[in-house]
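Right, one structure below, let's go through it.
The values are calculated or read from the model by the stated rules, or taken from the named source; none is laboratory data. Here the structure is a predicted model, which is why all the values come from computation and not from measurement. Counting neighbours? That spans all protein chains shown, and the Cβs are built from the backbone with ideal geometry, glycine included.
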Amino acid sequence: MKRIALALAASFFVAGAALAGDPMASRYENTVTLTDPTGAVTKIYYNKDGTMKTVMPDGTEGTGKWAVKDGKLCVVFDQGPNAGVESCNPLVDRKVDEEWEVPGPGGMKIKAKLVKGR
């Protein structure tokens, strides 16, 4: 599960162009949740300073860094199977309570949502 969650953290902002201003602003004081088909939820917290925190379904916490590069959200995790590997995907400006679907490993569909608060 940890491997799936870490792999997906960078991929849930898929398609579309970012709007003017800071496309990450809606995420700084809020939470991005990723829910897999079994109902397991991973939480991602983006900080304005370019750091991020993840909380896996079992409560395990992780950290990483993020940056916007050429209209893409790029993340690097500090721990786990993808530690130190930068992963970039197109960045989409999201609003609180917005839900979208992202592809997961093996064709799995993951439900992503931007939730108010931390």
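Brief remarks follow.
- Complete set of residues in segment 27-46 that are within 22 Å of Pro105 (Cα to Cα) and exposed (fewer than 14 other Cβ atoms within 10 Å of the Cβ): Pro37, Thr38, Gly39
- Among (1) part of a loop (DSSP other than H, G, I, E, B); (2) closer than 27 Å to Gly21 by Cα; (3) of a type in the set (Gly, Ala, Ser) - the single one Gly59 does not satisfy: (2)
- Gly71 vs. criteria farther than 20 Å from Lys116 by Cα and small (Gly, Ala, Ser): yes
- Qualifying residue in segment 18-26 (condition: in contact with a strand residue (DSSP E or B) (Cβ under 8 Å, 6 or more places away or on another chain), closer than 22 Å to Gly106 by Cβ and modelled with pLDDT under 95): no
- Of all residues in segment 94-102, one or more are over 17 Å from Asp22 (Cα atoms) and in contact (Cβ under 8 Å) with a residue 60 or more places away in the chain.
- Residue count, segment 103-118 (criterion: farther than 23 Å from Lys48 by Cβ and either in contact (Cβ under 8 Å) with a residue 12 or more places away in the chain or within 14 Å of the chain's Cα centre (by Cα) (or both)): 7
- Among the conditions (1) surrounded by 12 or more Cβ atoms within 10 Å (Cβ to Cβ); (2) at pLDDT 95 or above; (3) more than 23 Å from Gly107 (Cβ to Cβ), Asp49 misses just one, which is (1).
- The set of residues in segment 70-115 that are modelled with pLDDT under 85 and either part of a strand (DSSP E or B) or surrounded by 12 or more Cβ atoms within 10 Å (Cβ to Cβ) (or both) comprises Gly80, Asn82, Asn89, Pro90, Val102, Pro103, Gly104.
- Residue ID - modelled with the lowest pLDDT, chosen from residues in segment 1-17 that are in a loop (DSSP other than H, G, I, E, B) and surrounded by 18 or more Cβ atoms within 10 Å (Cβ to Cβ): Phe13
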